[in-house]
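Every read-out reported here was derived from the displayed coordinates using simple, explicitly stated rules and does not represent laboratory data. Treat the numbers as computed from the prediction; the structure is a model and nothing was measured. Backbone-built Cβ (ideal geometry, glycine too); neighbour counts: all protein chains shown.
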Amino acid sequence: MKFLIEKICCIGAGYVGGPTMAVIAHKCPDIEVNVVDINPLRIQEWNSPDFDNLPVFEPGLSDILKKCRNRNLFFSIDIEKHISEADMIFISVNTPTKTRGIGAGQASDLKWIEASARQIAKYAKGKTIVVEKSTLPVKTAEVIKSILQTLSSSNKYNKQNSKKFYILSNPEFLAEGTAISDLTNPDRVLIGGDDEEAISCLKKLYLNWVNEEKIITSDLWSSELSKLIANAFLAQRVSSINSISALCESTQANINDVSKAIGMDSRIGEYFLRAGPGFGGSCFKKDILNLIYICNNYGLDEVSSYWEKVLTINDWQKNRIIKIISEKLFGTISGKKIAILGFAFKANTNDTRESPAIQICKGLLDEGSFLSIYDPKVHINQIKNDLATFPYIENSSSNHSASWESAESIEDAVQNSDAMLILSDWEEFYNINYKILINKMRGPSWIFDTRNIINLDEAKKSGFNVWALGKGNLI
Ligand code: NAD
Ligand code: UGA
């Protein structure tokens, strides 16, 4: 065997690096796993003694950390040491959309990838397998290869001429909120590469807990492209069902009945057919933008405009929700208080990146409403960051136009409000006590349910006016 894996280093201790390495450490107790990051606060939070201040909220994660942390799983800022000792290095850094320069607004910004490759070229020793975990544009492996080869062939970094790198693509398919179960029981593991021994070495790692038939291999570029396309297809299903939610409202049909009826067709399948306020999360939009950029680069204009529509519908869905709320509340929401239930982009995560709540809250604030925002896991500083241009009011006893407050509970948020707006599908929003809440609100009291999770009969019986997404039979 050409490779022996005793130590792994993961560059990037984020939503992917943290949970993924925790599962690898848990399933491979004989391997030492070191997760490194340039952000010392993040590393400090991962090392937090009480497990309550981890930077990532993910069900099941703290149980694994309790078993592995400081046993064979370590979080550190000592990037040089852990790269130099590693037999295998995962790159799990952020790859957001470029905000300036060529491709701004579409292409992925690869500066963190390039910085990682440069760190590896500088510090790695001997034979090292470098695994792309981040989601990357097609042919990025070539860029990484070229940096590693160019730098490591210079005398400055490779005095004994002993460095050799093997590049693999191993995209991550976990979804936030279910990361631990996705990682422990993946639908598939995809490994792209051109060195058979490096591929079988990574495969051997996964074989510690994944069945062989679920581990598939391909060339590097197909692997990179498959990740972008998986996200594009998932996002496209959400936009497809969201477009039909509007049609249901216009035709007195019920989106849940339509989703169920089409989802029972095994060729269509039941998943990703839940209508909602639009998809959020750090990746769907960025990966589709990247796909659009790549298609344009290859002159495939029709293909890129096809995928652009997935993003158009997603924005439109958020904007039409803002409009509906304003219309239902007598055409004006200026000075009215709206309780926002859920700020994360979905349940079971503290992540707000691209959360539909951000655009919808900003739209409501632009119309002059006062928002009381409650989310079980999102930290108030994160909301302050996301709504930076709008004033935050502390301990308010009255409404303040175009500003917001943070609430500690659903009851706290709805106090004296005109409406509650459900934006994330947290479990506790399924079981709202309508009878108690309506007495705390101003009449006529509205519920706007963008996730279709409330008990309509009970809400109406308690005296609420209800608007539920895609429920034309209600309107
Ligand atoms: P993140 O922003 O949560 O984490 C990235 C981390 O990398 C940050 O903590 C940052 O400080 C660190 N970093 C950046 N440059 C570094 C460097 N040179 N050295 C050391 N640390 C560095 O991002 P994420 O959500 O974990 O996503 C990472 C990648 O995985 C992205 O490409 C994303 O598209 C992909 N992905 C994300 C998810 C998800 O659910 N979030 C799922 C699958 C794939
Ligand atoms: C998504 C993919 O599901 C993962 O496979 C992928 O690894 C990840 O992106 C990534 O590359 O970052 P994630 O964004 O964490 O995972 O969460 P999803 O469950 O896919 O939800 C994305 C958004 O779509 C959420 O806002 C969610 O509420 C929305 N959604 C999802 C719907 O509105 N309806 C659905 O039926 C499903």
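At a glance:
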{"quantity": "Candidate aspartates and glutamates - alpha carbon under 18 Å from K81, same-chain residues fewer than 8 apart omitted", "calculated": "E6, E32, D37"}
{"quantity": "Cα-projected label distance for I102 with N47, points at 7 Å along beta-carbon direction, nm", "calculated": "4.1 nm"}
{"quantity": "Helix 301-328 axis, angle to the chain major axis (alpha carbon atoms, nearest 10°)", "calculated": "30 degrees"}
{"quantity": "Virtual spin-label span in nm between Q149 and D265, 7 Å along Cα→Cβ", "calculated": "4.8 nm"}
{"quantity": "Extension gain (nm, one decimal) between K67 and Q252, 0.36 nm per residue minus Cα-Cα", "calculated": "61.3 nm"}
{"quantity": "Solvent-free Debye scattering, log10 I(q)/I(0), computed from the Cα coordinates of segment 338-390 at q = 0.21, 0.27, 0.31 Å⁻¹", "calculated": "-0.69, -1.15, -1.46"}
{"quantity": "Segment S200-A388, length gained on full extension (0.36 nm per residue, minus Cα span)", "calculated": "62.9 nm"}
{"quantity": "Length added when fully stretched, I77-D457, from 0.36 nm per residue minus Cα-Cα", "calculated": "131.4 nm"}
{"quantity": "Area projected by the alpha carbon convex hull of segment 239-330, averaged over all directions, nm²", "calculated": "7.6 nm²"}
{"quantity": "Over 21 Å between alpha carbons, listed pairs K7/K27; K145/K214; K323/K362; K377/K471", "calculated": "K145/K214; K377/K471"}
{"quantity": "³J(HN,Hα), Karplus 6.51/-1.76/1.60, whole Hz, each residue of segment 86-103, x for Gly, Pro", "calculated": "7, 8, 9, 10, 8, 9, 10, 8, 5, 9, x, 6, 4, 9, 8, x, 4, x"}
{"quantity": "R0 of 30 Å, Cβ-Cβ distance R118-D301: FRET efficiency to nearest 0.05", "calculated": "0.25"}
{"quantity": "Relative contact order %, the chain, counting alpha carbon pairs below 8 Å whose residues are six or more apart", "calculated": "12 percent"}
{"quantity": "The chain - share of DSSP beta bridges that are antiparallel (%, nearest 5)", "calculated": "5 percent"}
{"quantity": "Those aspartates and glutamates that a straight Cα-Cα span of less than 12 Å connects to K66, excepting residues fewer than 8 apart in one chain", "calculated": "D50, D52"}
{"quantity": "Surface/4 of the Cα convex hull for the chain, nm²", "calculated": "24.0 nm²"}
{"quantity": "Calculated from backbone phi, Karplus (6.51, -1.76, 1.60) coupling profile of segment 428-433 in Hz, x at Gly/Pro", "calculated": "5, 7, 6, 10, 6, 8"}
{"quantity": "Given K133/K203; K336/K460; K122/K227, the pairs whose alpha carbons are separated by over 26 Å", "calculated": "K122/K227"}
{"quantity": "Aspartates and glutamates whose Cα lies under 16 Å from that of K435, excluding same-chain neighbours fewer than 8 positions away", "calculated": "E411, D412, D418, D457, E458"}
{"quantity": "Protection proxy ranking, peptides 416-427, 442-453, average beta carbon neighbours within 10 Å, highest first", "calculated": "416-427, 442-453"}
{"quantity": "Estimated distance in nm for a label pair at E411 and E6, the labels positioned 7 Å out from Cα along Cα-to-Cβ", "calculated": "5.9 nm"}
{"quantity": "At q = 0.13 Å⁻¹, base-10 log of I(q)/I(0) for segment 1-140 (Debye sum, equal scatterers on each alpha carbon)", "calculated": "-0.57"}
